Amino acid sequence: MNRKAESGSRKAKVSPAYRNSPARTESWRGPIERLAWGGKGVGRSEDGRLLLLEAPLALFPGEVVEATVIWKSRHGEGRVTRWITRDPRRAQAACPVAETCGGCELWEAGHHASGLKRQMATDLLRRQLGEGVPWTWHPAPETARRHRIQLHWDGTGLGYFRRHSHALVPVSACPAAADPLSDAIPRLQEALAGQALPFRPGRWELSTGTPAETVWAADERGRIWTLEPDGWHRGTEPIRHRLGDATLLHEPGAFFQISPPWAAEAFGGLLRSWDLKGGTLYDLYGGVGLFSALLGDRFRHRILVESGETAVVWARRNLESAGLPSECLVADVAAWVPEGLGGAEDVILLDPPRAGLEPSLCDRLVGAGAGRLVLVGCDGAAFCRDVKRLGAAWDLDQLAVLDLFPLTSHVECVALMTKRP
Ligand SMILES: C[S@@+](CC[C@H](N)C(=O)[O-])C[C@H]1O[C@@H](n2cnc3c(N)ncnc32)[C@H](O)[C@@H]1O
């Protein structure tokens with residue numbers, strides 16, 4: 001058989017699955033049917049296959065868009081390249097780099113961002129946990145701003161990374177950040193350009209306390225500076241957050257809630273409304289003690305487990321200064337949780353990183369002795385997976401979704417579960 005005939009016969013046998021292999025990119029035009037988890041718009045191919053579309057700016061259901069799409073065997077994924085019709089609710093973005101910067105995707109949703117996020121959460125919870133599971137939505141106040149931002153210095157410019165890329169989008173201000181942080185961006189740029197700070201390309205974190213006043217800068221090596229009127233000075237002072245009755249200190253550059261006043265108000269209000277109190281609070285993945293401090297003397301005792309040594313040092317100091325007797329342990333939660341943890345009066349609170357709970361930890365929690373369990377998760381899919389795994393022994397009593405990350409499609413999910421007798 002000659003080459004032409006061979007390739008011709010092969011072509012005739014191409015299966016639909018092969019034709020839709022990831023290598024094939026097409027353009028697509030059509031309406032956004034609804035919003036899926038993560039802010040993706042859902043479209044459909046002519047033969048009914050589902051299409052998940054990312055967009056540089058918010059998507060409203062009903063808008064007609066053009067997109068570049070890669071078809072996989074059962075569905076397609078793509079990126080919106082042009083809007084054919086725009087929802088009249090779309091607003092002027094209050095940020096000049098909204099379209100390119102990878103930090104926020106909902107500027108153009110304006111006052112409707114909360115409604116869109118609620119639709120995304122509805123879609124996720126219905127699909128993952130089933131119809132009719134009641135939950136509450138907690139929108140962010142308009143005043144919520146970031147108290148921690150990560151910038152990149154490439155040797156000449158300071159800014160955020162472009163969406164899906166390591167290309168720099170230079171910024172001289174950030175309207176999503178608390179004012180002192182935004183004002184500190186040109187001061188950092190100036191100091192880096194003038195070589196008053198280590199000027200090798202790298203990541204910088206700017207953070208501030210609560211209320212947002214002093215600004216700290218941390219470089220990739222963990223070196224810390226604070227911003228004074230005459231410039232940046234090497235600093236050793238911790239960041240301080242006054243959150244209602246609780247005061248929490250931590251090292252600059254360490255994990256803390258992005259928008260601490262709003263996070264404290266949202267978590268504190270929610271957990272109190274669930275009447276969480278009792279014997280021992282197991283504050284697992286406890287950081288510097290936020291949940292233990294927010295719940296204060298509602299528990300007689302606290303055991304906080306956290307893998308970060310420095311965080312645990314601060315957790316000890318924070319809870320001791322608050323007069324809250326606690327044991328703060330450096331450990332991997334999955335390795336630490338023993339069989340039959342807790343008694344009927346106790347509460348296990350878990351706030352793991354995005355990936356959620358390890359399967360072996362879920363298995364051990366199924367046999368725990370505590371009466372109630374609170375699961376917090378910033379990745380909705382991992383959170384629902386863990387709620388279902390824990391469902392082997394725990395009933396889902398309350399479910400809440402908090403908009404802790406305004407202007408982005410991210411949310412925090414919180415579940416209260418009760419041990420089945
Ligand atoms: C989402 S943060 C929550 C921190 C704290 N609950 C708060 O709200 O401030 C997750 C925390 O878990 C810690 N962590 C990550 N993996 C861990 C592990 N395997 N065992 C214990 N702690 C871990 C991180 O250092 C981080 O402080």
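Every number in this text was worked out from the coordinates using simple rules, so none of it is lab data. What you see is a predicted model; the values in this text were computed from it and never measured. Cβ coordinates were reconstructed from backbone atoms using ideal geometry, including for glycine residues, and neighbour counts include every protein chain displayed.
Placing unit charges on the Cβ atoms only, positive for Lys and Arg and negative for Asp and Glu, gives the chain a dipole magnitude near 1940 debye about its Cα centre. Can you classify the chain as rounded, prolate or oblate using the Cα gyration tensor, where a ≥ b ≥ c are the square roots of its eigenvalues, rounded means a/c under 1.5, and otherwise it's prolate if a/b beats b/c and oblate if not? Oblate, because a/c is 1.5 or more while a/b does not exceed b/c. Give, as a single signed number, the net charge of other residues whose beta carbon lies under 10 Å from the beta carbon of residue 60, with Lys and Arg counted +1 and Asp and Glu -1. Result for the local shell: 0.
GluC sites (Glu not before Pro) within the stretch 26-87: which are DSSP loop residues with at most 10 other Cβ atoms inside 10 Å? If you can, show how the numbers build up before the last one.
Values: sites: 26, 33, 46, 54, 63, 66, 77; in loops: 33, 46, 63.
Answer in residue order: 46.
Adding -39500 (n - 2.57) for every DSSP H run of four residues or longer, then dividing by how many residues the chain holds, sets the calculated 222 nm ellipticity at -7000 deg cm²/dmol. Toward the positive end of the charge dipole of the chain, about the Cα centre and with charges on Cβ (Lys, Arg +1; Asp, Glu -1), which of 121, 402, 171 goes farthest? Value computed over the given set: 121.
Quick one: net charge around residue 309, please, counting Lys, Arg +1 and Asp, Glu -1 for every other residue with C-beta under 13 Å from its C-beta.
Values: positive: 316; negative: 251, 306, 332.
In short, -2.
Loop-located trypsin sites (Lys or Arg not before Pro) across the stretch 278-361 with a Cβ neighbour count of 12 or fewer within 10 Å are 354, with loop assigned by DSSP. Give the distance, in whole Å, between the Cα centre of the stretch 173-209 and the Cα centre of the stretch 304-359. About 33 Å separates the Cα centre of the stretch 173-209 from the one of the stretch 304-359.
DSSP finds beta bridges in the chain, and of those with both partners inside it, around 70 percent are antiparallel. Extending 7 Å from the Cα toward the beta-carbon at both residue 26 and residue 77 defines two label points whose distance is 1.8 nm. Cα centroid separation, the stretch 125-167 to the stretch 210-226: 21 Å. Among the trypsin sites (Lys or Arg not before Pro) within the stretch 172-274, those in coil by DSSP and having at most 15 neighbouring Cβ atoms inside 10 Å are 221, 223.
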